[in-house]
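Single-structure report; data block below.
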Amino acid sequence: MTELPKARIATASLAGCFGCHMAMLDIDERLIELMTLVEFDRSPLTDIKTFTRRCDIGIIEGGCCNEENVHVLQDFRKNCDVLIGIGQCAIMGGLPAMRNAIMHSDEPLRECLEEAFINGRYIRNTTHNIPNDPALPLLLDEVYACAEVVEMDYNIPGCAPTGDVIFETLSKLLAGKFRGFERETIRFD
Amino acid sequence: MTPQTTTTPDQGEVARICDAFQSDPHRMLDILRDVQDRFRWISRETIRTVAEKTALSEIAVEGVASFYAFLSQEPKGAVTIRLCDDIVDRFAGLPEVTEAFENELGIKIGETSADGAYSLEYTPCIGMCDQAPAAMINDIVLTALTPDKVREICEDLKGGKRPQDLVSHRFDDLTPYERAIRMVDNNIRHAGAVLLGTTPADAGLKKALDLTPHQIIDSIEASGLRGCGGAGFTSGRKWRFAAETPAERRVIICNADEGEPGTFKDRVLLTERPHLLIEGMTIAARAVGATEGIVYLRGEYVYLRELLQDVLDDRRARGLLGERIMGMAGFDFDVRLQLGAGAYICGEEGALISSCEGLPGEPKTRPPFPVTRGYLDLPTVVNNVETFCHAARIIDRGAEWFFEMGKKGSHGTKLFSVSGDCLNPGIYELPYGLSIRKLLELAGGEDAAAVLVGGPSGTMIARDTFHRELTFDDLATGGAIVIFSSNRNILEIVEYYMSFFVHESCGYCTPCRVGNVFLQKAVAKFRQGLANPADIEYLKDLSSTIIETSRCGLGMTSPNPILSTLENFPLIYSAMVKPSENRIRATFDIQSAIADARHLAKRRSHIFDKDFGE
């Protein structure tokens, strides 16, 4: 009997805080168990920056706040069979999407940047400029949830989801037994 | 009262206005309306004075002042121009009319001129759809506006004419009725047997005196009369419930807050049959044993205030209101006029009662229903204008006469307010059971592609179902029939009506306050071609959440423009959705998403601008 090939996983953090990636490490020693089933391709955990080949699972933390996020997400959709959003930022836009609340302005993006870099009360910005290095990706007009940009297959809710929930979900998915979440595992009150 | 150009309100004067209403907190809306009329705004200081006089907290007064669209906490111009922003007005040339006003007055919509002379704003349907575009200039209504007419109006106003003078140069010499019909044409296209034909004065009331209260209620119940405001509750049962609730005092309220866009039948009855209305209310008072009555007149119909006040005074003078009506011992009943101040929600009976009590117009939790605990916790009958008029005629002509007309379950005649794309917009009094096709023939609207029955909270039907009938069991309506030709964009209409509900939600419950905003945004996505196939399910899902979890009728019906067009015009929605390509959403447009940043950073995208660096 031949050994099953390992599932290939890629991960990325878009407009998130890396908290969900940290939570993945909260799987703790069960990581060893998991690693018998999977191997990592493109991911901050491996520091591989581009896909080496097609992956079974893509895990996305964070929503899209700039053009690079969109580019990465589209790239993941093209290269992964199953795409999973992890955490509220990927699912709903999360904290970065607070800037979407600047609605009653003719130039909401300018207003947001000026508040962040020039006018804010606690800003220490000696240049008094908004950063504009050519290497910086252009910001989007607002922050988009991943599902607005590509079709997502699953979402793991939480901010961040616990290591347990992540481990459970991934294990069940790999075993082909994932049937959604028990209410108790994803309630936070 | 003569409005002044904006000044700091004289607090002595504010106190005198409070005194005129005995500083009764239940008359808060009247007090604030008068202050608004006099000073053109309700200042912080004014709120303090009114709070002191009425022994309420400032926040309670501010709650009322900030709820109603016609009350303002910022100074408004001495002449406030409110353009009716209904979809029918938009199709009839509102954009051009708005532009003309903006150019002539040098201010934009929502602004007040620097000298405090003029304010210009939009307001939802003012009940003039049969003569759109229309506007209110202070308490005056002007209809069928054109850019040329607007230029004339502005010239006259700048030349020192009062808004009244725009109606007639001898406005002051006209009777209230003459003033009303000079301002607004009632367009009665078909008079039926009950309301708009000949109605002998007070014949019903005379007969009611010979009947016991019980017999009156029996007769109303036997006639099959159902409420004409839209909900269609059996009127006789409503009266019986109120009569059977033990109480010292009972109240009769007439709901003349006809705010459903496209409805204007009550306007016509209030102008042409005001005596019949009060007669009906008086009969109801005898039936249920009420001594107090209120006519709640929507703020947009303030031009009918004098007319109705005259009718009440006249009836009091003739012994038809007040103590010992028609000489009958123990039959005491009087009516006061309560003016609204621009809030659609006040057409909902609980909200209407709140408003009469001097509170913000928020619906009440049901049960208890108003028939057991309504206005000031007294048993209260709230009926529509048309319902009371019918009741008076039923008592005069007999229940059988009324029952014979119409169809089983929908008896008698109904007033239909027909507007939109037809040759003869106006009022049609017809027996229940008529098909939409027949009504379209009468109104000269055979080219219709869509007909909205019952206003935005009703049903939008397509050509293939024009055989459907106007009854409570098929197409129920409070009277609004809005006709749209094939030149109209259904999704534009739906989006407009959703924006109407967003504006008019009282904000009490979240599903309605927030959900309607999401619905409006979702429809906007369809219009822009940015909707996914999954968004159709999203519309249905969100709609059912709003319907199930809202407290009052507004939220329970606000998704109807979407649901009824999804059902009857499904191809419009499916034609507008864009499926994904390779599971990447075709509806996400990166170019427009980075347009702002490109402009701000003054550089191009090295990812998405293909020719970058070339």
**Request:** Scan (1) surrounded by 17 or more Cβ atoms within 10 Å (Cβ to Cβ); (2) more than 28 Å from residue B:584 (Cα to Cα); (3) in contact (Cβ under 8 Å) with a residue 12 or more places away in the chain for the single condition residue B:531 breaks and write down its number.
**Result:** (2)
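Here is a yes/no grid of residues against (1) among the hydroxyl-bearing types (Ser, Thr, Tyr); (2) open to solvent by 40 Å² or more (accessible area, probe 1.4 Å):
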{"residue": "B:263", "(1), (2)": "yes, no"}
{"residue": "B:270", "(1), (2)": "no, no"}
{"residue": "B:281", "(1), (2)": "no, no"}
{"residue": "B:294", "(1), (2)": "no, no"}
{"residue": "B:303", "(1), (2)": "yes, no"}
{"residue": "B:306", "(1), (2)": "no, yes"}
{"residue": "B:312", "(1), (2)": "no, no"}
{"residue": "B:315", "(1), (2)": "no, no"}
{"residue": "B:326", "(1), (2)": "no, yes"}
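Residue by residue, here is whether (1) modelled with pLDDT under 95; (2) surrounded by fewer than 17 Cβ atoms within 10 Å (Cβ to Cβ); (3) over 18 Å from the mean Cα position of the chain (by Cα); (4) on the phi > 0 side of the Ramachandran plot holds:
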residue: B:491; (1), (2), (3), (4): no, no, yes, no
residue: B:499; (1), (2), (3), (4): no, no, no, no
residue: B:504; (1), (2), (3), (4): yes, no, no, no
residue: B:508; (1), (2), (3), (4): yes, no, yes, no
**Item:** Residue that is farthest from the other protein chains (Cβ to nearest Cβ), among those in region B:564-614 that are among the charged types (D, E, K, R) and either surrounded by 18 or more Cβ atoms within 10 Å (Cβ to Cβ) or in a helix (DSSP H, G or I) (or both)
**Value:** B:567
**Fill in**
Here the residues within region B:465-491 that are among the charged types (D, E, K, R) and free of Cβ contacts under 8 Å to residues at least 60 places away in the same chain are B:468, B:474
**Complete:** If we take region A:30-118, then strands (runs of 3 or more DSSP E) inside it with 3 or more residues that are more than 14 Å from chain B (Cβ to nearest Cβ) are A:38-40, A:55-61
**Request:** Output the residue which, of all residues in region A:119-151 that are part of a loop (DSSP other than H, G, I, E, B) and at the interface with another protein chain (Cβ under 9 Å from one of its Cβ atoms), is nearest to the chain's Cα centre (by Cα).
**Result:** A:151
**Message:** Among the residues in region A:78-90, are any surrounded by fewer than 22 Cβ atoms within 10 Å (Cβ to Cβ) and under 13 Å from the mean Cα position of the chain (by Cα)?
**Reply:** no
**Asked** Do any helices (runs of 4 or more DSSP H) entirely within region B:307-417 hold 3 or more residues that are touching a residue at least 24 places away in the same chain (Cβ under 8 Å) and among the β-branched types (Val, Ile, Thr), and if so, which?
**Response** B:385-397
**Fill in**
With the first residue restricted to region A:168-189 and required to be farther than 17 Å from residue A:59 by Cβ, and the second required to be open to solvent by less than 70 Å² (accessible area, probe 1.4 Å) and hydrophobic (A, V, I, L, M, F, W, C), Cβ contacts under 6 Å at 6 or more apart or on different chains are A:185/A:165
**Prompt:** Filtering region B:119-142 down to residues that are charged (D, E, K, R) and outside any strand (DSSP E or B), which residue is most open to solvent (accessible area, probe 1.4 Å)?
**Reply:** B:139
**Message:** residue B:196 - would you say it is among the aliphatic types (A, V, I, L, M) and more than 21 Å from residue B:415 (Cα to Cα)?
**Reply:** no
**Message:** For residue B:94, only one of the following conditions fails: (1) crowded, with 21+ Cβ neighbours inside 10 Å; (2) more than 22 Å from residue B:503 (Cα to Cα). What is its number?
**Reply:** (2)
**Message:** I'd like to verify a number: residues in region B:48-68 that are more than 15 Å from residue B:24 (Cα to Cα), open to solvent by 50 Å² or more (accessible area, probe 1.4 Å) and assigned to a loop (DSSP other than H, G, I, E, B), how many?
**Reply:** 0
**Fill in**
Flagged pairs (Cβ under 8 angstrom, 6 or more apart or on separate chains; first in region B:223-248, assigned by TED's automatic domain parsing to the domain that holds residue B:395 and without any contact (Cβ under 8 Å) to a residue 12 or more places away in the chain; second open to solvent by less than 30 Å² (accessible area, probe 1.4 Å) and not in a helix (DSSP H, G or I)) are B:233/B:227
**Message:** With open to solvent by less than 10 Å² (accessible area, probe 1.4 Å), over 12 Å from residue B:262 (Cβ atoms) and touching a Ser or Thr at 6+ places or on another chain (Cβ under 7 Å) as the only criterion, which of B:436, B:427, B:461 stands out?
**Reply:** B:427
**Fill in**
Residue count, region B:23-47, condition part of a loop (DSSP other than H, G, I, E, B) and open to solvent by 30 Å² or more (accessible area, probe 1.4 Å), comes to 2
**Message:** Looking for something more than 20 Å from residue B:402 (Cβ to Cβ) and assigned to a helix (DSSP H, G or I) - is there at least one such residue anywhere in region B:244-253?
**Reply:** yes
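The values are calculated or read from the model by the stated rules, or taken from the named source; none is laboratory data. Just so we're clear, the structure is a prediction, and the values are computed from it rather than from any experiment. Backbone-built Cβ (ideal geometry, glycine too); neighbour counts: all protein chains shown. The area values use the complete protein model at the heavy-atom level, side chains included, leaving out ligands, DNA and RNA. Shrake-Rupley method; radii C 1.70, N 1.55, O 1.52, S 1.80 Å.
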